[in-house]
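To start, the structure itself, in C-alpha cells.
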Amino acid sequence: MSLVTQGLPSRRRTRVMRPWDWSVPPRGLAYREILTVEPDEPTGRPPLLMVHGVAHGAWCFAEKWLPAAATRGFRSSAVSLRGHGGSGGAAQLGRATSRDYVHDILQAITEMPEPPILIGHSMGGLLSQLVAERYPLRGLVLLAPAPANGAFGTLMHTLRVRPADALAVMVGRTLPMRPDVLFTSLDPVEAELLASRTGRESAIAQYELLRRRRIGPVRCPVLVIGTHDDQIVRPVDVERTAQMYDVEPVWLDGMGHDVMLDADWQRALDTVLDWVDVNIPPGTPPLGPIERG
Amino acid sequence: MTLVQSDRPVAEATDRGDAWCVIGAGPHGLSALKALLQNGIDADGFEHEAEVGGNWNFGADNSRVYESTHLISSKPFTQFPDFPMPDRFPDYPSHRQIKEYFTAYARHFGLSDRIAFGTDVVACVPVDDGAAWLVTVRDRATSVETTFRYAGVVVANGHNWFPKTPQYPGQDTFAGQMLHSADYKGADVLRGRRVVVVGAGNTGCDVAVESAQNAVHTWHSTRRGYYYNPKYAMGRPSDQTADLLLALRLPLWLRRQMFKATLRLTVGDFEKFGLKKPDHEFFETHPIVNQQLPYYVGHGDITPVDDVERFESDAVVFTDGTRAEADLVVFCTGYLVQFPFLDEQWLNWSGDHPQLFLQMFTPAYSNLVVSGLIQPDSGQWTLAHWQGQTIARYIVASRERPAVAQRLRDRVTDEAERRFTAGTEYKDSTRHYYEVAHQDYLAALEATIRDLEEPR
C-alpha cells in the first residue's frame, strides 16, 4: 500500500492524530455568550452560527445581522470567543490561543439543535476553517477571512500603510480598530460608537495569525466573500482562500472590513443568505444529502 | 451456535437498495450511522431498547453500568472528536451524563429519526453470493417480524454484555448468593454482608471499593498483582499525562519507567499495602484506574487473596489457603463476545474470538463490518468515531473507486492477525483479545482512511 500522494503534493488529507488535544486539552469556560434570534415560525432552514474576528464579539452580529437573518427564516446565533464580548475568561485572555477559540466554537455548535452553517469573519474566518476540517458543517461562509497561509504579507502591508498599527501588533498589542479601518461609508457617529465597542485580543492568538495553517479536507459548500476596499485583509489573500476551496470569491466592493456593520450590511447579508438558500436549501438533512439507490 | 437460516423467500424482503444496516445504537452504532449518512450513504439503525446509549443506558436489559459508574478515562480522548462533551461536565463524567451526551449527539445529527427503537435483529443472512444481506427484525412490542434487504451490515451490538462466569469445584454446594457483575446495579446488595469479589478488572476494583464502604468485610480475589493507577497524577487526569508522554514521542521503556516512578511517588509500593507485586510490565495488561483500592486495603476493609480454589457450603477457599466465610460472591469476571444473529464463521472465528482486519473487516464478506470490537488502553469514543469514518470511506471507495477498495480487501486476508500493541506483549486472557494500544490503532486507521481517500 502506498501512502504517497500521487502528483498532488498539496492534497489535503484527513487528520486523525491530534495528540496535543488529548494531552493538553483547552480549558473549559464557565460562561460563553451565545446570542440567538429565532424566526417567528420554523422554516426548515439550517441554523446559522456567526464567529467574530480580532477584538470583536458576538455584538457585531447582534447589531444588524442576527435579527435580519431571523426575519428571512434563519435561526441565527453568534458566539463570543473567550475573553471577548460578554463571554467569561477576560482575565485569562492573555494566554488564549486559536486552539481555545476552536474549542469555544465547537462548544457553541454542540449546543445547537442541529449542525449549523458557520459564518466566520476575519480571524473568525480562519477559525471556522479549522472547525470545518473536524466537524461536519452544513456550510461554511468566510467573510474577509484571515489567510490560512499566514498573515505575514498582511503585516508587511500594514507596516507600509499604517506603520504604527503594525508596530503595535509586533509588540503584542491589539491591532487598533479605528472607524476608518473598519468601515467606508458608515455614519461617523455610529462608526465611532461601534469601533469603541471593540476590546482587546490575545497576543498569542494574534501572533498565531502569522503562522501558516494546514487545513484538512472540508466537505461542505464554501462561500468566500471579500472587498477590495478592506483595510485589513488584502484581496489577494481572499483570492488565495477561495482557491483553496476551488470557488470564486464574491466581492462586495465599496464596503469596509466589517461587512456585517458597514452601511451596506443588508447587501452583504443578502449575498450570504441567497447563497445559502441555493446551496443548502430548506429541508436539507442535518448530515447532508443522501445517495439513494 | 447454529447457522441462522432464513426460510423466507427473497421476494418478501423490503428492498432497501444501496442502504446499509447498522445494528445497535450505542456509541459505536451511533458513530457508524452518522459516518455513513455524513458520507452520503443511506442507512437504517436498529436498537433493542427504546433509547440510544447501549451499555450506558442504565437499567436497560443489556446495560452493564452500575449506580456509581463514572468514566475511568477523561474527556479529551473519550469523547467524539467532532462532538466534544460540554465544558460543564467534569473530567470523569457519570453514566447519567454519558447517556445525556449520546442522546444529544443522536438528536444533533438527526440520527434518532433513522433508528428503529425497541426492535431486535433476529437474523442476518447473506444472499446473492454475498452481494446483499437479508436482515430480519422483530418489533418487541408487537412481535411482528419484517425482513429487509440491505447492501451491507455494520454490526455494533457491543462486546461487554454477555457475562462470562467461571466454574469452580463445589460451587453448587455454596449456600450464599452468587452474582455476576452484569447484574450488579448498586451497593445495596452489599450492605451488611461478607463479600468475595472475584476479578481485578475496573469493575472488580470498583465493586471491591464499594463493598469496602458497605459490607462487613471484603475479600478481593485476583489472579495476579496489577498496577492500580490513580485517576489523577500531579493535578491532571492521568490518561492525559500518558498521552502527553506519547505526544512527546518518548520510547516505551522510558514511559514505563516514568509511570512506575509516578506510581511509587503517589501510591507507593503495592506490596506494602499487602497487595501482590505485579508479575508483568506496565502496559502489558488493560490499565486499571482505581485510586481507592489500595486505600481500603490499607484500612483492612479489603483482604487481597489469590485465585479461587474451591467453594464450600459456607465459605470460599483460595489457592493461598485463605478461607473466607462469605455469604455473597460477586463475579467481576468479564464478558464474552456474542453475535446471536450471525454465524460465527462469517467473522473468521478463531477459537473463542473473531479475527478481523483492523478489528473490523472479515475476510468472508466485503459488506459485513464490525464496529466496537476493541478495548483500548484509553478512552473509547474517539476510536468509535474513526472506526465509523473508516467504514464509511470504505463503502464510498467500493462504489466510486473499486481499485482503491480492493487494496483494503487484499489486506483483510493478509493482515487479519495483525494486532495493535505498540510493542508490548499482552498477558493471555480473553479480555485481551480486543485490547489495542490506542495510538497504534488510531495511526493504522489514519493510514487506512488516507489510502481510501486516494483518487485511484
Restricted to the stretch B:126-143 and to residues being of a type in the set (V, I, T) and more than 25 Å from the chain's Cα centre (by Cα), the residue surrounded by the fewest Cβ atoms within 10 Å (Cβ to Cβ) is B:T142
Counting only residues in the stretch B:274-285 that are surrounded by fewer than 21 Cβ atoms within 10 Å (Cβ to Cβ) and not acidic (D, E), the one nearest to the chain's Cα centre (by Cα) is identified as B:F282
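Let's see how each residue does on (1) closer than 30 Å to B:R399 by Cα; (2) free of Cβ contacts under 8 Å to residues at least 60 places away in the same chain; (3) surrounded by 19 or more Cβ atoms within 10 Å (Cβ to Cβ):
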{"site": "B:T303", "(1), (2), (3)": "no, no, no"}
{"site": "B:D306", "(1), (2), (3)": "no, no, no"}
{"site": "B:E309", "(1), (2), (3)": "no, no, no"}
{"site": "B:V317", "(1), (2), (3)": "no, yes, no"}
{"site": "B:A326", "(1), (2), (3)": "no, no, yes"}
{"site": "B:F339", "(1), (2), (3)": "yes, no, yes"}
{"site": "B:E344", "(1), (2), (3)": "yes, no, no"}
{"site": "B:N348", "(1), (2), (3)": "yes, no, yes"}
So, first residue at the interface with chain A (Cβ under 8 Å from one of its Cβ atoms) in the stretch B:435-452, second residue assigned to a helix (DSSP H, G or I) and buried (at least 22 other Cβ atoms within 10 Å of the Cβ), Cβ within less than 6 Å, six or more apart or across chains; the pairs are B:L445/B:W386; B:L445/B:T390; B:I449/B:T390; B:I449/B:R393
Within the stretch B:351-367, residues outside any loop (DSSP other than H, G, I, E, B) and either charged (D, E, K, R) or under 14 Å from B:T413 (Cβ atoms) (or both) come out as B:F357, B:F361
If we keep only residues of the stretch B:118-139 that are in a loop (DSSP other than H, G, I, E, B) and out of contact with any Phe, Trp or Tyr (no Cβ under 9 Å at 6 or more places or on another chain), then the residue nearest to the other protein chains (Cβ to nearest Cβ) is B:A131
By residue number, the members of the stretch A:101-125 that are more than 11 Å from every other protein chain (Cβ to nearest Cβ) and touching a Gly at 6+ places or on another chain (Cβ under 7 Å) are A:I117, A:H121, A:S122, A:M123, A:G124
Subset of the stretch B:216-265, residues modelled with pLDDT under 85, touching a helix residue (DSSP H, G or I) at 6+ places or on another chain (Cβ under 9 Å) and loosely packed, with under 15 Cβ neighbours inside 10 Å, comes to B:M234
How many residues of the stretch B:89-115 are more than 11 Å from every other protein chain (Cβ to nearest Cβ) and either in contact with a Gly (Cβ under 7 Å, 6 or more places away or on another chain) or of a type outside the set (G, A, S) (or both)? The answer is 11
With criteria (1) more than 14 Å from the chain's Cα centre (by Cα); (2) over 29 Å from B:S143 (Cβ atoms); (3) at the interface with another protein chain (Cβ under 10 Å from one of its Cβ atoms), B:T78 comes up short on (1)
Of the residues in the stretch A:187-213 that are touching a Ser or Thr at 6+ places or on another chain (Cβ under 9 Å) and polar (S, T, N, Q), the one that is nearest to A:P26 (Cα to Cα) is A:S202
Of the listed residues (A:T97, A:T110), the one being surrounded by fewer than 17 Cβ atoms within 10 Å (Cβ to Cβ) and either among the aromatic types (F, W, Y) or modelled with pLDDT of 95 or more (or both) is A:T97
Taking the stretch A:259-293 and keeping residues more than 23 Å from B:Y105 (Cβ to Cβ), within 14 Å of chain B (Cβ to nearest Cβ) and surrounded by 19 or more Cβ atoms within 10 Å (Cβ to Cβ) leaves none
When restricted to A:V141, A:V131, the only residue within 14 Å of chain B (Cβ to nearest Cβ), among the β-branched types (V, I, T) and either closer than 27 Å to A:T271 by Cβ or crowded, with 21+ Cβ neighbours inside 10 Å (or both) is A:V131
Of the residues in the stretch B:144-194, those that are of a type in the set (S, T, Y) and away from every other protein chain (no Cβ under 14 Å) come to B:T146, B:T147, B:T165, B:Y168, B:T173, B:S181, B:Y184
Taking the stretch A:71-86 and keeping residues of a type outside the set (D, E, K, R) and surrounded by fewer than 21 Cβ atoms within 10 Å (Cβ to Cβ) leaves A:T71, A:G73, A:G86
Out of (1) in a loop (DSSP other than H, G, I, E, B); (2) among the hydrophobic types (A, V, I, L, M, F, W, C); (3) out of contact with any Phe, Trp or Tyr (no Cβ under 7 Å at 6 or more places or on another chain), the one B:A200 does not meet is (3)
For the stretch B:408-422, pairs from a residue that is among the acidic types (D, E) to a residue that is not in a helix (DSSP H, G or I), with Cβ under 8 Å and 6 or more apart or across chains, are B:E415/B:F357; B:E417/B:Q355
Report whether or not B:D206 is surrounded by fewer than 19 Cβ atoms within 10 Å (Cβ to Cβ) and part of a helix (DSSP H, G or I). no
Among the residues of the stretch A:104-120, the number that are over 12 Å from A:G139 (Cα atoms) and under 14 Å from the mean Cα position of the chain (by Cα) is 5
Quick check on A:I204: is it closer than 26 Å to A:R15 by Cα and aliphatic (A, V, I, L, M)? yes
Residues of the stretch A:88-118 being acidic (D, E) and under 20 Å from B:K75 (Cα atoms), in sequence order, are A:D100, A:D104, A:E111
Practice prompt. Would you mind stating whether A:W20 is closer than 29 Å to A:A168 by Cβ and surrounded by fewer than 22 Cβ atoms within 10 Å (Cβ to Cβ)?
Written response: no
ask   = Has the stretch B:379-394 got at least one residue that is surrounded by 24 or more Cβ atoms within 10 Å (Cβ to Cβ) and out of contact with any Ser or Thr (no Cβ under 9 Å at 6 or more places or on another chain)?
value = yes
(Q) If I filter the stretch B:186-196 for residues that are within 15 Å of B:Y228 (Cβ to Cβ) and at pLDDT below 95, do I get at least one hit? (A) no
- [ ] Output yes when any residue across the stretch A:38-53 is of a type in the set (G, A, S) and touching a residue at least 60 places away in the same chain (Cβ under 8 Å), and no when none is.
- [x] yes
Restricting the stretch A:192-242 to residues that are surrounded by fewer than 17 Cβ atoms within 10 Å (Cβ to Cβ) and among the hydrophobic types (A, V, I, L, M, F, W, C), the one farthest from the chain's Cα centre (by Cα) turns out to be A:L193
Filtering the stretch A:72-97 down to residues that are under 25 Å from A:P285 (Cβ atoms) and either of a type in the set (A, V, I, L, M, F, W, C) or not in a loop (DSSP other than H, G, I, E, B) (or both) yields A:F74, A:S76, A:S77, A:A78, A:V79
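The values are calculated or read from the model by the stated rules, or taken from the named source; none is laboratory data. The shown structure was predicted, so the numbers you read here are calculated from the model rather than taken from an experiment. As a convention, Cβ positions derive from the backbone with ideal geometry for all residues, glycine included, and neighbour counts pool all protein chains shown.
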